[in-house]
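Undergrad: My structure is below; once you've seen it, I'll send some questions.
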Amino acid sequence: MSLFNKVLASIGIGNAQVDTQLEKSTFTAGEILRGNVIIQGGNVAQEIGQINLALKTKYLSEVNDSKFHQDGIICSFVISESFTIEAGERKEIPFDFRLPFLTPITAGQSQVWLHTGLDISLAVDPTDEDYIRVNPSPLVSSVLNAVEGLGFRLHTVENEKPSHKLGTNAAFIQEFEYRATGEFRRYLDELEITFIRHSESELTFVMQVDRRARGLGGLFAEALEMDETYVRVRVTPNDIPNMRQIVDSTIRRYMK
């Protein structure tokens, strides 16, 4: 019977199971995420090689003019080395880690989840996925609020492979595309915001200012994509009270 149970466990029947329980489901980027990985032994003792955690999202990629979404890893950890889980045994392993400050926020179709996997030799690896809601850090929030406060309307939010013009080696970034309204509509078609570096003490974001075609020269510039300007802005928490003024003056400097 023991041998038969081992054969069944190797194809996932009577295998050990994993369930990750988080302290809560809503977090702010940069916050500590805490939880417990609960492993329930199956019908036979099994050797667990390690427990892997991966914070994941999906991003838009393009190959040979074909666009598709693929999984992207925001960060990953090994929280336990090898051990044996006996038949019917229950183990609970606590963990905690800081969400990266540039964790994509929950907006548009952007989703973030924690993937837990058990590495079991010669058997189907049990997994668990837990979706979380991510709110922006105070610095990111101040930039987005400043843009919207100036009358720009959020159009789309998308995780995507970054353009080389952004000057980042990140596998993916989150892009916020705004449509111009009010007085800005005379000069701009849209404004795109991406965040490329973020720590507790500073943030670097890029504004892509897309100027509206005006006259024959403007039409040529638009056709050649010369109507777009990439502007890098570095801010710190001390700039939060003046963020609207910083964003406003930066946009006006490059929109004509």
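The values are calculated or read from the model by the stated rules, or taken from the named source; none is laboratory data. Computed from a predicted structure; not experimentally measured. Cβ placement follows ideal geometry from the backbone for every residue including glycine, while neighbour counts extend to all protein chains displayed. Ligands, DNA and RNA are excluded from the accessible area calculation, which covers all protein heavy atoms including side chains. Shrake-Rupley method; radii C 1.70, N 1.55, O 1.52, S 1.80 Å.
Undergrad: Could you estimate the translational diffusion coefficient of the stretch 25-150 from the Stokes-Einstein equation, with Rh from the Kirkwood formula over C-alpha pairs, at 25 °C and 0.890 mPa s, in whole µm²/s?
TA: Here the translational diffusion coefficient equals 147 µm²/s.
Undergrad: While we're looking at this one, here's another question. Based on DSSP, what percent of beta bridges with both residues in the chain are antiparallel, to the nearest 5?
TA: The answer is about 95 percent antiparallel.
Undergrad: With r defined as the distance between the Cβ atoms of Ile32 and Glu129 and R0 fixed at 22 Å, what FRET efficiency is calculated, to the nearest 0.05?
TA: Efficiency, rounded to the nearest 0.05: 0.60.
Undergrad: I want to verify a result. In a Gaussian network model of the chain, Cα cutoff 10 Å, which of these has the top mean-square fluctuation: Arg179, Arg244, Arg90?
TA: Ranking Arg179, Arg244, Arg90 by mean-square fluctuation puts Arg90 first.
Undergrad: So what are the chain's ellipsoid semi-axes, whole angstrom, largest first, if each one is the square root of 5 times an eigenvalue of the alpha-carbon gyration tensor?
TA: Computed over the chain, the values are 47, 20, 13 Å.
Undergrad: Helix 138-149 against the longest principal axis of the chain: what's the angle in degrees, Cα atoms only, rounded to the nearest 10?
TA: 40 degrees
Undergrad: Let me ask something else about it. Along the Cα→Cβ direction, 7 angstrom out, place labels at Leu154 and Ala171. What is the inter-label distance in nm?
TA: Placing both labels 7 Å along Cα→Cβ, they lie 2.5 nm apart.
Undergrad: Could I ask something else about it? Quick check for the chain: number of Lys pairs with alpha-carbon distance under 19 Å, counting only pairs 8 or more apart or on different chains?
TA: Qualifying lysine pairs in the chain: 5.
Undergrad: When the accessible area of the stretch 68-189 is split by element with a 1.4 Å probe, what percent falls to carbon and sulfur?
TA: 46 percent
Undergrad: Here is a follow-up. Could you state how much accessible area Tyr131 has, in square angstrom rounded to the nearest 10, with a 1.4 Å probe and all protein chains kept in place?
TA: Looks like 120 Å² after rounding.
Undergrad: Could you state the accessible area per residue of the chain in Å², with a 1.4 Å probe and every protein chain left in place?
TA: 52 Å²
Undergrad: Could you work out the relative contact order of the chain, using alpha carbon pairs under 8 angstrom and six or more residues apart, expressed as a whole percent?
TA: 17 percent
Undergrad: May I have the extent of the alpha carbons of the stretch 52-92 along their three principal axes, as whole Å values ordered from largest to smallest?
TA: Principal axes ranked by extent give 51, 19, 14 Å for the Cα atoms.
Undergrad: Using a 10 angstrom cutoff on alpha carbons, build the Gaussian network for the chain and name the most mobile of Val235, Val78, Val134.
TA: Val78
Undergrad: So what is the 222 nm mean residue ellipticity for the chain from helices alone, if each DSSP H run of at least 4 adds -39500 (n - 2.57) and you divide by all residues, rounding to the nearest 500 deg cm²/dmol?
TA: -5000 deg cm²/dmol
Undergrad: Here's something else I'd like to know. So for the stretch 29-143, averaging the separation of alpha carbon pairs under 8 Å that are six or more residues apart and normalising by length, what relative contact order in percent results?
TA: 35 percent
Undergrad: Using a Förster distance of 25 Å, how high is the FRET efficiency between Ser121 and Gln21, based on the Cβ-Cβ distance and rounded to 0.05?
TA: With a Förster radius of 25 Å, E is 0.45.
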